[in-house]
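Peer 1: Structure provided below as C-alpha cells; questions to follow.
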Amino acid sequence: MLKECSLLFVCWTTLALTATLQPLPSYEVTGDCRSSEDCGPSSCCLLGMMRYSTPWCAPLLKLGDECRPSSRQLINRTLSYPGGLEIFLKDAHQVLCPCDANEGLVCSPLKGTCVYDVANDITPL
C-alpha cells in the first residue's frame, strides 16, 4: 500500500511539474494572432492586460458596445514569456478592439460607446 501511494505521489508530482514547465504553444497550433492581418475582416488581434497574456482574434465592436476612443491605436511590441519564448506583435490592439468601421461605426468620446459616424453620413437606411 505504501509503495502504491509513493508511486501515485511521484506520478502526480511529475504530471504537475510537466504541465507548469511547458512553453506556450506555437502560433500554428493555437490559431492565435500575431497581427490583425491574421484575423478576418470583422476581427482584430487583441492583447489583454494580464501578465503573459497571449494575443487572440476578437470580434470588432458593434453598435452600442462600450469602447475606448484610443482603441484604434495600434501596438507593435515584442512579448516575452517564461522559458525564453518571444513573440513579435504587429498592428494589434490592447484591451478592446475598435468599433467596426465596415459598418460605419466610431467610438463616441462622449458616450464611450460605438455609434454611427454621422460626420461621414453612412448610416444604414
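A short reminder: the numbers here are calculations on the coordinates, not readings from a lab. Fair warning: this is a prediction, and the values are worked out from it, not measured in the lab. Neighbour counts run over all protein chains shown; Cβ positions are idealised from the backbone, glycine included.
Peer 1: What is the sum of charges around K62, taking Lys and Arg as +1, Asp and Glu as -1, for the other residues whose C-beta is under 12 Å from the C-beta of K62?
Peer 2: -4
Peer 1: For F88, what is the net charge nearby, where nearby means another residue's Cβ is under 9 Å from its Cβ and Lys, Arg count +1, Asp, Glu -1?
Peer 2: Local net charge: +2.
Peer 1: Something else now. Using per-residue counts of other Cβ atoms within 10 Å, averaged over each peptide, order 52-61, 75-84, 91-100 from highest down.
Peer 2: 91-100, 52-61, 75-84
Peer 1: Quick one: the Cα spread of the stretch 24-115 along its three principal axes, in angstroms, biggest first?
Peer 2: For the stretch 24-115, the Cα spread along each principal axis is 43, 23, 16 Å.
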